[in-house]
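A.B. asks: Have a look at the structure that comes next, please.
The values are calculated or read from the model by the stated rules, or taken from the named source; none is laboratory data. Worth saying up front: this structure is predicted, and the values here are computed from it rather than measured. Positions of Cβ are backbone-derived with ideal geometry, glycine not excepted, and every protein chain shown enters the neighbour counts. To get the accessible areas, we keep the full protein, side chains included, count just its heavy atoms, and leave off ligands, DNA and RNA. Shrake-Rupley method; radii C 1.70, N 1.55, O 1.52, S 1.80 Å.
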2 protein chains.
Amino acid sequence: VIREMPIAKAYASTPQARRSPTSPADVARIFTKSPLFEGLQPISGSTVVTVDRRRALYGQATRADAVLLVASGRARLIKTAPDRTTTMAYRGPGELTGEESLFSDSYDCEARALDRLEAVRIPVEQFRARLDKDAVLAGRLLRLVQERRASAERRFEAAFTRSVEARVAAFLVEAAVRWGIKHELGTLVGVKLTHLEIASYVGSTRETVTVILGELKRRHLIETGHRRIIVRDREALLRLSV
Amino acid sequence: VIREMPIAKAYASTPQARRSPTSPADVARIFTKSPLFEGLQPISGSTVVTVDRRRALYGQATRADAVLLVASGRARLIKTAPDRTTTMAYRGPGELTGEESLFSDSYDCEARALDRLEAVRIPVEQFRARLDKDAVLAGRLLRLVQERRASAERRFEAAFTRSVEARVAAFLVEAAVRWGIKHELGTLVGVKLTHLEIASYVGSTRETVTVILGELKRRHLIETGHRRIIVRDREALLRLSV
């Protein structure tokens, strides 16, 4: 049986990140591995935090005082409305999250750990001070925010003009890029995904996603089993997605 | 009868901006009036262009070699899919558009003039060179792109979780902010809007938008007539929109 955390509980969830005992060397190592900071100095005042699986790195609408840089594990960014949950994005190792704190007093959504997650917590004042004097970092961050904006624009345009099948196909192509592992049948999406989780990303219901995945499997575009998906025919999915 | 330009024609439309004879003083005056450039020097190499009503300032997927700064008139940003058109945003005096050219070789959508439009055309190389050495401009642009991203994220979340009525209500509240003129009944939206145009913004059909506007009028939340809308009860619309 596929289950998400009940919405009432998600609402109640507050950040549950713990500070880890860390050395400046640990912090520096994590900064170095992120494309955003490649070749740049770590931002001072940063610390390492860890959160357990299913716990929140930060909560929706809670006070935003830090930008997070994921070191290991994955986070799902979730916006909760009274009757429905939307998956806004996924973040993995080397990726920045919670960067809205640079502009806003509160986080737009919750970052929930899908695995045990380790991240660098960068205080927002130090991040801002660094941006003012580091044109390289500012330029890279601008590009990152623009990419995330373009992705959001593609998603609302797809919500308006594409079928749920097309949006599921687009999700599977992206999932194969993000988590893909080579497999004899094609590309194994290397994480467990519930049908409800996919539905919360494409803006549909669990039932509809189940029907669509069944149809894609029947047509040999994917293989499924044990909450795992193998993308067998990426080109066909890409054609379906537009 | 409410009509948009037929999709086939929109597809065929190519940029139709003409260079105007302009002095550096004209360009400087337009830069000065934009919040983004307030207190900053104009970017060299910029020229003034004009486009007539219903013509394209730039076309979707055409070569992106300039960022545009609107001086007067309005543009509607449109993404055209084979069977449907989506209004991505509106841009008016003082606003930047086509800034995706800083990161990409082609424009994401078409900018169509709703009135005769005047804009400053800023060559992308000069804009990039300026960003590298102007931390104030870079910071303001980062904030602008982040705001546009947050707006896009709100729209896809709304597409997934809110009713069409809620999205129409949100559109009307925004339209009153953007184009509002004080009126004895409330706030007059000071531009003509077709039901099809509203539908292309909220992701619905003309028929559904017509029914919803009729219902909002019956409940005295708005007044309509001659393609004009008066927002009578902003608070009630705001409550409907969430």
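A.B. asks: Where the centre of each part is set by its Cα atoms, how far does region B:113-170 sit from region A:104-152, in angstrom?
C.D. replies: That distance is 18 Å.
A.B. asks: Quick one, can you get me the convex hull of the C-alpha atoms of region B:61-111 expressed as volume per residue in Å³?
C.D. replies: With only Cα atoms used, region B:61-111 gives 69 Å³ per residue.
A.B. asks: Quick one: dipole size for chain B, taken about the Cα centre, charges +1 on Lys/Arg Cβ and -1 on Asp/Glu Cβ, in debye to the nearest 20.
C.D. replies: 540 debye
A.B. asks: Using each residue's phi in region B:144-159, evaluate 6.51 cos²θ - 1.76 cosθ + 1.60 at θ = phi - 60° and report the 3J(HN,Hα) Karplus result to the nearest Hz, with x for Gly and Pro.
C.D. replies: 4, 5, 4, 4, 5, 5, 4, 5, 5, 5, 4, 5, 6, 5, 5, 4
A.B. asks: Could you list, bin by bin from short to long, the percent of Cα-Cα pairs of region A:95-218 in 5 Å steps?
C.D. replies: In whole percents, the pair-distance histogram is 2, 8, 13, 18, 18, 15, 12, 8, 4, 2, 0, 0.
A.B. asks: Once you place label points 7 Å from the Cα toward the Cβ at B:His183 and B:Ala236, how far apart are they in nm?
C.D. replies: With each label point 7 Å from Cα toward Cβ, the separation is 1.5 nm.
A.B. asks: Taking the simple approach of a point 7 Å from Cα along Cα-to-Cβ for both A:Arg19 and B:Gln126, what is their distance in nm?
C.D. replies: With each label point 7 Å from Cα toward Cβ, the separation is 5.1 nm.
A.B. asks: While we're looking at this one, here's another question. Which value, in debye to the nearest 20, gives the size of the charge dipole of region A:51-191 about its Cα centre, when Lys and Arg are +1 and Asp and Glu are -1 at the Cβ? Can you show the working numbers first?
C.D. replies: On the way: 25 positive and 20 negative charges, 44 e Å.
So the dipole magnitude of region A:51-191 works out to roughly 220 debye.
A.B. asks: Lysines within cross-link reach of B:Lys133: Cα-Cα under 29 Å, excluding same-chain residues under 8 positions apart?
C.D. replies: Within the straight-line limit of under 29 Å, B:Lys133 reaches these lysines: A:Lys33, A:Lys133, B:Lys33.
A.B. asks: Follow-up. Taking only DSSP H segments of four or more residues, each worth -39500 (n - 2.57), what value at 222 nm results for chain A once the sum is divided by all its residues, to the nearest 500 deg cm²/dmol?
C.D. replies: Value at 222 nm, helices only: -12500 deg cm²/dmol.
A.B. asks: Right, something else. At B:Thr194, label 7 Å along Cα→Cβ: distances to the other copies, nm, ascending?
C.D. replies: Nearest first, the other copies' label points are 4.5 nm away.
A.B. asks: Additional query: Which whole number gives the average, over all residues in A:129-142, of C-beta atoms from other chains lying within 10 Å of the residue C-beta? Write out the running numbers ahead of the final one.
C.D. replies: Numbers: counts 0, 0, 4, 4, 1, 1, 6, 1, 0, 7, 6, 0, 4, 11.
Rounded to a whole number, the mean comes out at 3.
A.B. asks: Under the Karplus relation 6.51 cos²θ - 1.76 cosθ + 1.60, θ = phi - 60°, what is the ordered set of whole-Hz ³J(HN,Hα) values for region A:106-118, x standing for Gly and Pro?
C.D. replies: Working through the residues one at a time gives 9, 6, 5, 8, 8, 9, 9, 6, 8, 10, 4, 10, 10 Hz.
A.B. asks: So, for the protein assembly as shown, what is the accessible surface per residue at a probe of 1.4 Å, expressed in square angstrom?
C.D. replies: Computed with neighbouring chains in place, this is 47 Å² per residue.
A.B. asks: Carbon and sulfur atoms: what percent of the 1.4 Å accessible area of region B:9-97 do they account for?
C.D. replies: So the carbon and sulfur contribution to the accessible surface is 52 percent.
A.B. asks: For region A:153-211, what's the radius of gyration and Dmax over Cα atoms, in angstrom?
C.D. replies: 12.0, 36
A.B. asks: Further, regarding this structure: What aspartates and glutamates could a cross-link reach from B:Lys79, if we take a straight Cα to Cα line under 18 Å and drop same-chain neighbours fewer than 8 places away?
C.D. replies: A:Glu147, A:Glu153, A:Glu157, B:Glu4, B:Glu99, B:Glu100, B:Asp105, B:Asp108, B:Glu110, B:Glu153, B:Glu197
A.B. asks: If you don't mind, there's one more thing I want to ask. Quick one: label points 7 angstrom along Cα→Cβ at A:Asp132, distances to the other copies in nm, smallest first?
C.D. replies: Values, ascending and in nm: 2.4.
A.B. asks: Diagonalise the Cα gyration tensor of region B:20-139 and give the resulting equivalent ellipsoid semi-axes, square root of 5 times each eigenvalue, largest first, whole Å.
C.D. replies: Whole-Å semi-axes of the equivalent ellipsoid: 24, 17, 12.
A.B. asks: Also, quick follow-up: Mind checking which of B:Pro93, B:Leu36, B:Thr62 is farthest towards the positive end of region B:15-117's charge dipole, using Cβ charges of +1 (Lys, Arg) and -1 (Asp, Glu) about the Cα centre?
C.D. replies: It is B:Pro93.
A.B. asks: Quick one: what Rg and Dmax do you get for region B:118-168 from the alpha carbons, in Å?
C.D. replies: Gyration radius and largest Cα-Cα distance of region B:118-168: 16.5, 46 Å.
A.B. asks: Here's something else I'd like to know. Would you list, by chain and number, the lysines whose Cα falls below 19 Å from the Cα of B:Lys182, excluding same-chain residues fewer than 8 positions away?
C.D. replies: Counting by Cα, and skipping residues close in sequence, B:Lys182 has these lysines nearby: B:Lys192, B:Lys217.
A.B. asks: For region A:220-235 and region A:58-94, what is the separation of their C-alpha centers, rounded to whole Å?
C.D. replies: Distance between centres, Cα-based: 27 Å.
A.B. asks: Let me ask something else about it. Taking 2.2 N^0.38 Å as the expected size of a compact globular protein, what ratio does the Cα radius of gyration of chain A give against it, to two decimals?
C.D. replies: Ratio of Rg to 2.2 N^0.38 Å for chain A: 1.05.
A.B. asks: Still on this structure, I have one more. Which listed residue (B:Phe160, B:Ala170, B:Ala150) has the Cα farthest towards the positive end of the charge dipole for region B:142-187, taking +1 on Lys and Arg C-beta and -1 on Asp and Glu C-beta about the Cα centre?
C.D. replies: Going by the charge dipole, the pick is B:Ala150.
A.B. asks: Using a 1.4 Å probe on protein heavy atoms only, how many Å² of accessible area do A and B hide from each other, summed over both chains and rounded to 100? Please list the in-between numbers first.
C.D. replies: Values: alone 12950 and 12960 Å², together 22570 Å².
Approximately 3300 Å² gets buried when A meets B.
A.B. asks: Let me ask you something else. Can you list the copy-to-copy distances for A:Gly214, using a point 7 angstrom from Cα toward Cβ, in nanometres, shortest first?
C.D. replies: Label-point separations across copies, in nm and ascending: 3.8.
A.B. asks: A further question on this structure: At 7 Å along Cα-to-Cβ for each site, give me the label-to-label distance between A:Arg54 and A:Ser104 in nm.
C.D. replies: Using points 7 Å along Cα→Cβ, the separation is 2.8 nm.
A.B. asks: When only alpha-carbon atoms are used, what values of Rg and Dmax, in angstrom, describe region A:98-146?
C.D. replies: Cα-based Rg and Dmax for region A:98-146 come out at 12.5, 35 Å.
A.B. asks: Moving on. What is the sum of charges around A:Arg29, taking Lys and Arg as +1, Asp and Glu as -1, for the other residues whose C-beta is under 14 Å from the C-beta of A:Arg29?
C.D. replies: Local net charge: -2.
A.B. asks: Over the protein assembly as shown, with a single point scatterer placed on each C-alpha, what log10 of the ratio I(q)/I(0) does the Debye formula yield at q = 0.08 1/Å?
C.D. replies: Values, matching the q order: -0.54.
A.B. asks: Quick one: what do you get for region A:169-242 if you divide its Cα Rg by 2.2 N^0.38 Å?
C.D. replies: In units of the globular-protein estimate, region A:169-242 measures up at 0.98.
A.B. asks: ³J(HN,Hα) across region A:173-190 via Karplus (A = 6.51, B = -1.76, C = 1.60, θ = phi - 60°), whole Hz, x for Gly/Pro?
C.D. replies: So the J values, rounded to whole Hz, are 5, 5, 4, 5, 5, 6, 10, x, 10, 4, 9, 4, 8, x, 10, 7, 6, x.
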